[in-house]
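The values are calculated or read from the model by the stated rules, or taken from the named source; none is laboratory data. Keep in mind that what you see is a predicted model, and the values were worked out from it rather than measured. As a convention, Cβ positions derive from the backbone with ideal geometry for all residues, glycine included, and neighbour counts pool all protein chains shown.
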Amino acid sequence: MKKLMKAKRSYSLSKKKGIGLFCLAAFLIGLIIVLHENPLANAQSELTKKIVICVVLLAACAAFTLLYDKLTVLPVELYQNRRLIWKLSKNDFKKRYAGSYLGALWAMAQPVVTVVMYWIVFDKVFQTRSQMVASGVDVPYVLYLTAGLVPWFYFSEALPQGTTALLEYSYLVKKVVFKISILPIIKIIAATFIHAFFVGVLIIVAICYGYMPTVYTLQIVYYSFCLFVLVLGISYSTCAIVVFFRDLQQIINIALQIGMWATPILWDLNMLTPFMQVLFKLNPLVYIVNGYRTSIYGQEWFWADFFSMMYFWIFTVVVFGIGALIFKRLKVHFADIM
């Protein structure tokens, strides 16, 4: 009885500490937002943005306080099983290309061919380069294109893999003692190995065109982490829903085709009207793609576009929280359906 009381007291203190740290972080972010000033921006627009973001942060604190038990289960399980996750991720990557002569090279061949084909069609045939210069982008089009496609390839590879993680490892889902919450992250980490290779290719392409790595290039690690968290949060929702609704796989494939053109990868955002730019920036991948480009040939830090950064992280945290809740609610039925 005393041990039980002690455990409850320890959990209560841990819960209060977790809520306190989250609210403190939200307060500091809100303080930075309020104090941040952009002299080039419209004063009324800046005030509206600050009010909206502060309201969202207050709502996030309230939601985290009320749903603490449900929202923290998933991150805790992932941390506790970090060694197993790393081991299974490496095995998944090796297994995917086992039996082929070229192995993982096949995973890299298709994206490379895609980059070359887009470059030939849009730069050499349709002369997209001249339009890019007119919109203010004065870099080699193949570098501009590669910097946009590298994060997109990662997203379009990791999301379907994360979505089908439970279906592929259905034999583990039926084991009562196995933590099935680690399955989506295993697939996404396996996709990260290939992404690391393409980041290296991107840097080599930049060097070939005279853009040597600088301290800004290190930001690719940050933007890769942003993309990792985003796709992981989405995957926890999709992998849970696809168990009951298998057509979701096809819907995601169609959505990825649309998303390819809804993200400024082959074209520049500055070609659009101000209203359309704001509309397209609701796509969180715009922040990622622009971030990769500024990391390679720009001279800006990741916090330069402050409100885009804040929007991305608020969006990502909300998506991750929703994914955690959906996964927790549905996982008790997985073994019965499979």
Based on what the data block shows, is F228 surrounded by 17 or more Cβ atoms within 10 Å (Cβ to Cβ) and aromatic (F, W, Y)? yes
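Results for (1) modelled with pLDDT under 85; (2) surrounded by 15 or more Cβ atoms within 10 Å (Cβ to Cβ); (3) closer than 27 Å to L78 by Cα; (4) not assigned by TED's automatic domain parsing to the domain that holds T214, shown as yes or no for each residue.
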{"site": "S237", "(1), (2), (3), (4)": "no, yes, yes, no"}
{"site": "L248", "(1), (2), (3), (4)": "no, yes, yes, no"}
{"site": "Y287", "(1), (2), (3), (4)": "no, yes, yes, no"}
{"site": "Y292", "(1), (2), (3), (4)": "no, yes, no, no"}
{"site": "E300", "(1), (2), (3), (4)": "yes, no, no, no"}
{"site": "M310", "(1), (2), (3), (4)": "yes, yes, yes, no"}
{"site": "A324", "(1), (2), (3), (4)": "no, yes, yes, no"}
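Could you run through the stretch 294-311 and say how many residues are touching a residue at least 24 places away in the same chain (Cβ under 8 Å) and farther than 14 Å from L227 by Cβ? Please lay out each step first, then the result.
Filtering the stretch 294-311 for residues touching a residue at least 24 places away in the same chain (Cβ under 8 Å) gives 294-302, 306-308, 310-311.
Now narrow it down to the ones that are farther than 14 Å from L227 by Cβ: 294, 296-301, 306-308, 310-311.
Selection size over the stretch 294-311: 12.
Please work out which residue is nearest to P184 (Cα to Cα), limiting yourself to the stretch 241-284 and to residues that are outside any helix (DSSP H, G or I) and among the polar types (S, T, N, Q). I'd like the intermediate steps shown before the answer.
Taking the stretch 241-284 first, the residues outside any helix (DSSP H, G or I) are 243-247, 263-268, 272-273, 281-283.
Narrowing the set further to residues that are among the polar types (S, T, N, Q) leaves 263, 273, 283.
Working: T263: 25, T273: 39, N283: 23 Å.
Taking the candidates together, the pick is N283.
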Boolean, W86 is aromatic (F, W, Y), at pLDDT 75 or above and either in contact with a Cys (Cβ under 6 Å, 6 or more places away or on another chain) or closer than 30 Å to L183 by Cβ (or both): yes
Could you list, in sequence order, all residues of the stretch 42-76 that are surrounded by 13 or more Cβ atoms within 10 Å (Cβ to Cβ) and farther than 30 Å from G18 by Cβ? E46
What single numbered condition from (1) assigned to a helix (DSSP H, G or I); (2) aromatic (F, W, Y); (3) at pLDDT below 85 fails to hold for F178? (1)
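Do any helices (runs of 4 or more DSSP H) lying entirely in the stretch 129-173 carry at least 1 residues that are modelled with pLDDT of 85 or more, and which ones are they? Steps first, please.
Values: elements: 141-163, 165-168, 170-173.
Passing ranges, in order: 141-163, 165-168.
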V229 being touching a Ser or Thr at 6+ places or on another chain (Cβ under 6 Å) and either without any contact (Cβ under 8 Å) to a residue 12 or more places away in the chain or in a helix (DSSP H, G or I) (or both): yes
If I ask for residues that are closer than 12 Å to K281 by Cβ and in contact with a Lys or Arg (Cβ under 7 Å, 6 or more places away or on another chain), which ones from the stretch 302-325 would you list? F307, S308
